[in-house]
Amino acid sequence: MEVKAFDTNLFKRILKYTKPYKTRYYGVILFAFSLALFASLRPFLLEITVDTYIKTASKSGLLKYVGIMGIMLILETLSQFYFVYWANWLGQDIIKDIRTKLFRHIQTFRMKYFDISPVGMLVTRSVSDIEQIARIFSQGLFMIFSDLLKMIVCLSVMFWMNWHLSMIVVFAMPVLIYITRIFQRKMKIAFEEVRTQVNNMNVFVQERVTGMKIVQLFNRESIELEKFKEINQKHNKAWIKNILYNSIFFPIADIISSITLGVIIIYGGMQIVNGNPFTTIGQLISYTMFITMLFNPLRQIADKFNEMQMGMIAANRVFDILDSDEEVQLDGKKEATHFDGNILFEKVRFSYIDNEEVLKGINLKVNAGETIAIVGATGAGKSTIINLLNRFYEINSGNIYIDNQNINDFKLESLRKQIAIVLQDVFLFADTIFNNITLNNPDITREEVIHAAKEIGVHKFIKSLPGGYDYDVKERGVMLSSGQRQLIAFLRAYVSNPSILILDEATSSIDTYSEELIQKATITITKGRTSIVIAHRLATIMNADKIIVMDKGEIVEEGSHQELLAKTDGYYKKLYDAQFATEVG
């Protein structure tokens, strides 16, 4: 694949993010002009000082021009300070805006996107790639502009002072520019490989750290270490290639600069020795400064261009996600303020993977205030019903209604506010119990949380923890048992005061004590509201108003516990005998 040396359209898109900061943007440009001017004046003033005042031994004139050069140096320093500070400040504000926009956009994606996108990749895009974009402004764009401006001003002053010596520089510069161009293209390819390998490493490390228990449980440490070494080696090679190009380029640039300086000294020196009035000692001395001011920026432009290219490569990766509109869920227009809780699935078909249907045209009706239980073997489609009701995924065909209104017509945020879910695998943030219950909703007070906890019988458990409601559960709630995490999830659902409650395997894999608390909590929070329970615990299923039995994406039976048991050859009867009989034995 051909790599563009510079993507103009991408660059213009990045520049659009400077619009809210026009004052600072133009301020940086202004300081770049002043920096170029003050830097170029110093060698010129040196030439006057040497030829006019040192040569004639004028002490007062010497001191005067030394003072002027000191003032120019101070002004150059101040220009440099504000130029660098404002450029970095601008870059940080821009990536703040891009990062916010990216995170907001990611939150609108369908669950399907997260199913196929590695978490490590999204973290790389949201953190390190966006940080690299800031370097477009701090180390790339403005630095290149400042250096080019300085070179133009310096060349102009040089030609005005002595065009003979300046021509030597002009003949040498295309050689360095040509070499810079070659290495710039090579290094962009190398940087793209670096970013790819950084992404691969982030994905690998994130997955292995998250799944470290499995790694250790199955003694895969040595195997995973070898895989990591392989990825790390590829990352290492990508960086070494980049380092190699830099190691070749900079010595070549130094040689060209030194040769040019040597030719100027020889040619200018011969002019002075031969009595040529067009070349002076002051000019020769000032040209040694000019050569450094010209060739150092030109040599470094390749490095700064690389920084800008790395930022543009990172920006391209970030914009790929921002442009993923096909993954964004379509939002409705109707505000869901409250549901009575009538739910209707009408000929609903759905597949996570194309041509592999999980739901095969199901019809399901739940009346307001009913508690229904959904049972079936793993993969029957139980949890999929919940995913579709919350619009985590979009159905292939059919319709889903709540209170006779198609759920696609509701605003997603308002729809999900009316539906609370307690999952089997409870996710808790590295925060206090109180914040995990309210999810930082300012409308839910501590008094309301405590009152709700007492109602469902978990207040005593929470108060027994160090710090009570302010107890930090750490990442993913590792400081709590699975049963305790379930209780927090029940309380989280309860305080949100939903119209519809969903319990997805919420009573599995917990201890007896926690189960008793959860059973009590279940009775409290399901009272007076439509509830859907996916469970295999007998007590929960027996108390349901209706039981829905699923098999291979279809509803095969429905009725009360007793009605389904009465069907001797029924699917539920067989399931009950195989899985549930031991619980009451």
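The values are calculated or read from the model by the stated rules, or taken from the named source; none is laboratory data. Everything numeric here is computed off the predicted structure, so don't read it as measured data. So basically every Cβ, Gly included, is an ideal-geometry build from the backbone, and we count neighbours across all protein chains shown. Just so you know, the surface numbers come from the protein's heavy atoms only, side chains and all, with ligands and any DNA or RNA stripped out. Shrake-Rupley method; radii C 1.70, N 1.55, O 1.52, S 1.80 Å.
Odds and ends about this structure:
- Selection within the range 139-160 - at pLDDT 80 or above and of a type outside the set (A, V, I, L, M): PHE142, PHE145, SER146, ASP147, LYS150, CYS154, SER156, PHE159, TRP160
- Only a single item in (1) farther than 17 Å from ILE502 by Cβ; (2) of a type in the set (A, V, I, L, M); (3) assigned to a strand (DSSP E or B) is not met by ALA430, and it is number (3).
- Restricting the range 541-569 to residues that are modelled with pLDDT under 85 and not aliphatic (A, V, I, L, M), the residue that is surrounded by the most Cβ atoms within 10 Å (Cβ to Cβ): ASN543
- Subset of the range 109-121 (residues that are of a type outside the set (S, T, N, Q) and either over 17 Å from ASN396 (Cβ atoms) or open to solvent by less than 30 Å² (accessible area, probe 1.4 Å) (or both)): PHE109, TYR113, PHE114, ILE116, PRO118, VAL119, GLY120, MET121
- Number of the exception - MET289 against (1) surrounded by 13 or more Cβ atoms within 10 Å (Cβ to Cβ); (2) closer than 24 Å to ILE48 by Cβ; (3) of a type in the set (A, V, I, L, M); (4) without any contact (Cβ under 8 Å) to a residue 24 or more places away in the chain: (4)
- Once the range 433-448 is narrowed to residues that are in a helix (DSSP H, G or I) and open to solvent by 60 Å² or more (accessible area, probe 1.4 Å), the residue that is nearest to GLN519 (Cα to Cα) is GLU448.
- Given (1) surrounded by 18 or more Cβ atoms within 10 Å (Cβ to Cβ); (2) in contact with a helix residue (DSSP H, G or I) (Cβ under 6 Å, 6 or more places away or on another chain); (3) of a type in the set (A, V, I, L, M); (4) farther than 24 Å from MET308 by Cβ, index of the condition ILE106 fails: (2)
Condition check ((1) assigned to a loop (DSSP other than H, G, I, E, B); (2) open to solvent by 10 Å² or more (accessible area, probe 1.4 Å); (3) within 18 Å of GLU557 (Cα to Cα)) across all residues:
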{"residue": "ILE372", "(1), (2), (3)": "no, no, yes"}
{"residue": "GLY379", "(1), (2), (3)": "yes, yes, yes"}
{"residue": "SER383", "(1), (2), (3)": "no, yes, yes"}
{"residue": "LEU388", "(1), (2), (3)": "no, no, no"}
{"residue": "ARG391", "(1), (2), (3)": "yes, no, no"}
{"residue": "TYR401", "(1), (2), (3)": "no, yes, no"}
{"residue": "LEU415", "(1), (2), (3)": "no, no, no"}
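- Out of ARG317, ARG349, one residue alone is open to solvent by 10 Å² or more (accessible area, probe 1.4 Å), charged (D, E, K, R) and more than 30 Å from LEU141 (Cβ to Cβ). It is ARG349.
- Test: ASN276 is outside any helix (DSSP H, G or I) and at pLDDT below 80: yes
- Only one entry of SER257, SER222 meets the criterion of being farther than 30 Å from ALA315 by Cβ and exposed (fewer than 13 other Cβ atoms within 10 Å of the Cβ), and that entry is SER222.
- Looking only at the range 449-489, residues that are open to solvent by 90 Å² or more (accessible area, probe 1.4 Å), under 30 Å from the mean Cα position of the chain (by Cα) and not aliphatic (A, V, I, L, M) come to 3 in all.
- Condition check for LYS150: crowded, with 18+ Cβ neighbours inside 10 Å and either among the basic types (Lys, Arg) or touching a helix residue (DSSP H, G or I) at 6+ places or on another chain (Cβ under 6 Å) (or both): yes
- All positions within the range 23-59 that are closer than 24 Å to PHE278 by Cβ, in contact (Cβ under 8 Å) with a residue 40 or more places away in the chain and among the aromatic types (Phe, Trp, Tyr): PHE44
- Within the range 352-368, the set of residues being part of a loop (DSSP other than H, G, I, E, B) and either at pLDDT 90 or above or aliphatic (A, V, I, L, M) (or both) comprises VAL358, ASN367, ALA368.
- Contact annotation: residue pairs with Cβ atoms under 6 Å, 6 or more positions apart or on different chains, pairing a residue in the range 470-495 that is small (Gly, Ala, Ser) with a partner that is in a helix (DSSP H, G or I) and open to solvent by 10 Å² or more (accessible area, probe 1.4 Å), are GLY477/ARG485.
- So GLY91, is it touching a helix residue (DSSP H, G or I) at 6+ places or on another chain (Cβ under 6 Å) and not hydrophobic (A, V, I, L, M, F, W, C): yes
- Of the residues screened, GLY91 is not one that is in contact with a Ser or Thr (Cβ under 8 Å, 6 or more places away or on another chain), among the small types (Gly, Ala, Ser), at pLDDT below 80 and assigned to a helix (DSSP H, G or I).
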